C-alpha cells in the first residue's frame, strides 16, 4: 500500500500530542499526598490524575466543537482552553480551601522570591514544610501546563477522528490512552511533588521527552496499522 | 423546533447536578477515608497510634469514581436500550427506571470494594497491633454507599441529559456525539480528580490534625500522629464527614459546578454569538460528522475560545488579588 500524506499526519500529530502531554504534565503543580496535609505546594493529587481530569474536560469541549467545525486548530485550542479552565478553577478553589478552611497563606517552597510578582516567600512558610497552597508562580505554571496538555489531547483526538476516520468514541478512548501513557512516563520523572516551571525537577524534561517520543511513535504506528487494517477505523 | 432557552436551562440543571455530585464525592472520600489524607490513617498505626478510622483506599479517587460511574452508566444504557422501545412516546419513563437501577448496581460494587479494601489494609497492619473493629466496618458501609450513590446518580443523570440534550431542547442533532457510558466515564474521572485535589485539603490539613496549631502547614514531624479523639468519645469517620460537610464538601462541589458551567456555557455562548443558534444549518447531519463544517460553526468555536480565555484571565488576576489580600491579612509566619 502506498504511503499517503494522511498516514504521516496521523503519526506526526500523535507524536506531537504525546510530547505536549509530557510537557504539560511537567508544568502542573502536583502536590500529591503531602499537599493534602499542607506540607507541600501544589494541588493535592497525583500527576496522572490531575492531568487526566483536566484533559478529559478539554476533550469534552473538543468533541462538541468537532461536531460543527473541521478546523484542527479550533478543535485543539478548544480542548486546551477547556483543560486550562479546569485547572485554574481547581487551583483557585484549592487556595480558598487553604485560606479559609485551614488559615494557611499560599507560599512556594522552591523559590525565595516569587519571580513574577516579586513577593517574598520564605517569611510566610511554615518550618519543616515544603511550602503550601498555590502561590502565583505555581498558578501560572499550572495554567500553562493545562493549556499545553489539553492542546496535545485535542490534537491527537482530531487526528484520530479526521485522518484515521475513527468513530467519535473510539477516537476519544484512543487519544486518552496515548495521553495516559505519556502522563505516566512524566509522573516517573516528577516522583510525587513538583512546582512546575521553577522546580529543579523541570530540568529533567529532556529525558522524559525522549521516552515520550518513543512511546508516541509506537502508538502512532499502532493507530496507523488500525487505520490500514480495519475499514472505517474499525469499531 | 429548537428552543434556545431550554438549552441554557438544561445546562443549568447539569451544573446544579455537578455541584451535588462533587459535594457528595468529597464527603464519600471523607466518610470512607480515601485518597491522599488516607496516607496518614495508614501511617498512624505504624507510628504507634492505634485508631478507629475506616481505612479504605481502593485506588485514586478519579479511577474508583470512573469505575462506579461507568458501571452505572453502562447498566443504565443497556436498560434504556431495552426499556425505551416499550414506551416510545414517553422515553423519560425508561430513564426514571434505568438510571437508579444502574446506580444501585454500582453501589453494590462500591460496598464490595470498601469491605475488601478496609479488611485487606487493616489486616496488613497486624504487626502494628491495629485491630479490625467490626462495628467500624459495619457502621460505615451504609454511609459510604449512600454518599457514593448520590455522586454516581448525579453523574449518570448528567451523562443522560448531555447525550440527549438536543432532543430535550427540541432538535436531536445537538445531542452530544459521545454515548452515555463514555460521558459517565469522563465525568467520573473529572469528579474524582476534583474531589481528590480540592476537598481532601479540609480533611487532611484540618480535621486529621485538629489538636495541632491552626493556621500552619502540617509539619513532617506530625505525620501519622492524627487526632484520634472526637468532641465526644473516640473519633471515627462519621465525626469527620459532619465537619467536612460544613466547608470542604460544598467548596469542592462549587469547583466542579463552576467547571461544568464555564465549559458548557462558553460553547453555547459561542454558538449564540456566531448565530449558529437558534436556526441550525439545514444540512447538519443527524449523526455527527467531523467532515461537516460551516462558517458559523467555525465562528462558534472561535467565540467559545475567546470566552474561555477571558475566564482563564479573570481567574489568573483573581488569584493574584486574592493571594495579595491573604498575605496582607494573615501576615508572615510567627510560630516557632
*Please find, in a Gaussian network model of chain A (springs between Cα atoms separated by less than 10 Å), the residue of A:100, A:52, A:92 whose mean-square fluctuation is greatest.*
A:100
*Over the whole of A:133-145, what's the average partner chain Cβ count within 10 Å per residue? Rounded to a whole number, please.*
2
*Please give the calculated 222 nm ellipticity per residue for the protein assembly as shown, where each DSSP H segment of at least 4 residues contributes -39500 (n - 2.57) and the sum is spread over every residue; nearest 500 deg cm²/dmol?*
-21500 deg cm²/dmol
_Using only the Cα atoms of region B:2-265, what are the Rg and Dmax in Å?_
20.0, 66
*What percent does the relative contact order of region B:259-319 come to when contacts are Cα pairs within less than 8 Å and at least six residues apart?*
48 percent
*Label residue B:87 and residue A:222 with points 7 Å out from Cα along Cα→Cβ: what is the distance between them in nm?*
4.2 nm
*Please report, to two decimal places, log10 I(q)/I(0) for region A:21-165 at q = 0.08 Å⁻¹ as given by the Debye formula with identical point scatterers on the Cα atoms and no solvent.*
-0.25
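Which of B:69, B:244 comes first, and how do the rest follow, when ranked by fewest Cβ neighbours within 10 Å? Display every interim value, and only then the final one.
Values: B:69 33, B:244 25.
Least crowded to most crowded, the residues run B:244, B:69.
Relative contact order of chain A: what whole-number percent is it, with Cα pairs under 8 angstrom and at least 6 residues apart? Walk me through the intermediate numbers first.
Numbers: 484 pairs, mean separation 79.2, N = 235.
Contact order relative to length: 34 percent.
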*asked:* With angles folded into 0 to 90 degrees, how steeply does helix B:134-163 sit against the dominant principal axis of chain B? Use alpha carbons for both and round to 10.
replied: 20 degrees
*Take the alpha carbon gyration tensor of region B:274-330, find the square roots of its eigenvalues, order them as a ≥ b ≥ c, and report rounded if a/c is under 1.5; if not, report prolate when a/b exceeds b/c, else oblate.*
prolate
_Viscosity 1.306 mPa s, temperature 10 °C: give me the Stokes-Einstein translational D for region A:127-235 in µm²/s, with Rh taken as the Kirkwood radius over C-alpha pairs._
101 µm²/s
_Residue of B:239, B:89, B:200 that the Gaussian network model of chain B assigns the largest fluctuation, springs spanning Cα pairs under 10 Å_ = B:89
*Among A:45, B:122, rank each residue by its count of other Cβ atoms within 10 Å, from fewest to most, as a rough exposure measure.*
B:122, A:45
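When you look at the Cβ of every residue in B:28-39, what mean number of other chain Cβ atoms sits within 10 Å? Intermediate results must be reported in sequence, preceding the final value.
Values: counts 0, 0, 0, 0, 0, 0, 0, 6, 10, 4, 2, 5.
Taking the mean over all residues of the peptide, I get 2.
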*Cα-based Kirkwood hydrodynamic radius, region B:111-235, one decimal, Å*: 18.3 Å
*Could you grab the relative contact order for chain B? Cα pairs under 8 Å, six or more apart, rounded to a whole percent.*
28 percent
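Which value, to two decimals, describes the C-alpha radius of gyration of region B:190-246 once divided by 2.2 N^0.38 Å?
On the way: Rg = 12.1 Å, N = 57, 2.2 N^0.38 = 10.2 Å.
Rg over 2.2 N^0.38 Å, computed on Cα atoms: 1.19.
Based only on Cα atoms, what mean projected area does the convex hull of region B:55-153 have, in nm²? Please list the in-between numbers first.
Numbers: hull surface 26.9 nm².
Its average projected convex-hull area is 6.7 nm².
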*With axes computed from alpha carbons, what is the tilt in degrees of helix A:136-158 against the longest principal axis of chain A, rounded to the nearest 10 within 0 to 90?*
10 degrees
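If we count other beta carbons within 10 Å of each Cβ, what is the order of B:327, B:52, B:127, fewest first?
On the way: B:327 20, B:52 17, B:127 8.
So the ranking, lowest neighbour count to highest, is B:127, B:52, B:327.
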_Could you tell me the center-to-center distance, by alpha carbons, between region B:270-317 and region B:115-193 in angstrom?_
32 Å
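Mind checking Rg over Rh on region A:1-89, alpha carbons, Kirkwood formula for Rh?
Radius of gyration over Kirkwood radius for region A:1-89 works out to 1.11.
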*In Å³ and rounded to a whole number, note down the convex hull volume per residue for the Cα atoms of the protein assembly as shown.*
150 Å³
_Gaussian network model of chain A, Cα within-10 Å springs - most flexible of A:78, A:67, A:108_ = A:67
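For peptide B:283-296, how many partner chain Cβ atoms fall within 10 Å of a residue's Cβ, on average?
Values: counts 0, 2, 1, 0, 3, 7, 5, 16, 4, 5, 7, 3, 1, 2.
Other-chain Cβ atoms within 10 Å of each residue's Cβ, averaged: 4.
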*What is the spin-label model distance, in nm, from residue B:286 to residue B:135 if the labels are put 7 Å beyond Cα along the C-beta direction?*
6.2 nm
*When the convex hull of the Cα atoms of region B:191-336 is projected onto a plane and the area is averaged over all directions, what value comes out in nm²?*
13.9 nm²
*Cα axis of helix A:205-229 to longest principal axis of chain A: angle in degrees, 0 to 90, nearest 10?*
30 degrees
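No value in this document is a laboratory result; all are computed from the given coordinates. Since the model is a prediction, treat every value here as computed from it, not as a measurement. For neighbour counting, all protein chains shown are included, and Cβ atoms are generated from backbone atoms with ideal geometry for every residue, glycine included.
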